[in-house]
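The next block holds one structure in the form of structure tokens; read it before the comments.
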Amino acid sequence: MEQPKFRGKIVPFEEVIGPQWQEYNLVDGNMLRLKVELLKVLATGQKNPNTGEPIYNFELHTVATVFTEEQGYCRVKR
């Protein structure tokens, strides 16, 4: 399946804080770790008609890992 092509001007960006992992305890006893990495920002030149904020398109990369008790994962109680 071909990815859609977005139009816009590439906007350079600077990472302020490195990618952060989000951790989720699953009901089956495992833990899911996710992080999203920003690859590209495109300015569309359009604005949200309700807020006036600029509209951007993003190219993202999602990283996912599952940890199991067999791998030594211990559920964190919160």
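The values are calculated or read from the model by the stated rules, or taken from the named source; none is laboratory data. Bear in mind the structure is a predicted one, so any value in this text is a computation, not a measurement. Every residue, glycine as well, gets a Cβ built from its backbone with ideal geometry; the counts of neighbours run over all protein chains shown.
Residues that are surrounded by 13 or more Cβ atoms within 10 Å (Cβ to Cβ) and either free of Cβ contacts under 8 Å to residues at least 24 places away in the same chain or more than 17 Å from ALA64 (Cβ to Cβ) (or both) within the range 20-48 comprise LYS40, VAL41, LEU42, ALA43, THR44, listed in sequence order.
From the list GLU14, GLU70, GLU2, the lone residue that is modelled with pLDDT under 90 and assigned to a loop (DSSP other than H, G, I, E, B) is GLU2. Residue count for the range 17-36, restricted to those that are part of a loop (DSSP other than H, G, I, E, B) and either of a type in the set (Lys, Arg) or closer than 30 Å to PRO54 by Cβ (or both): 5.
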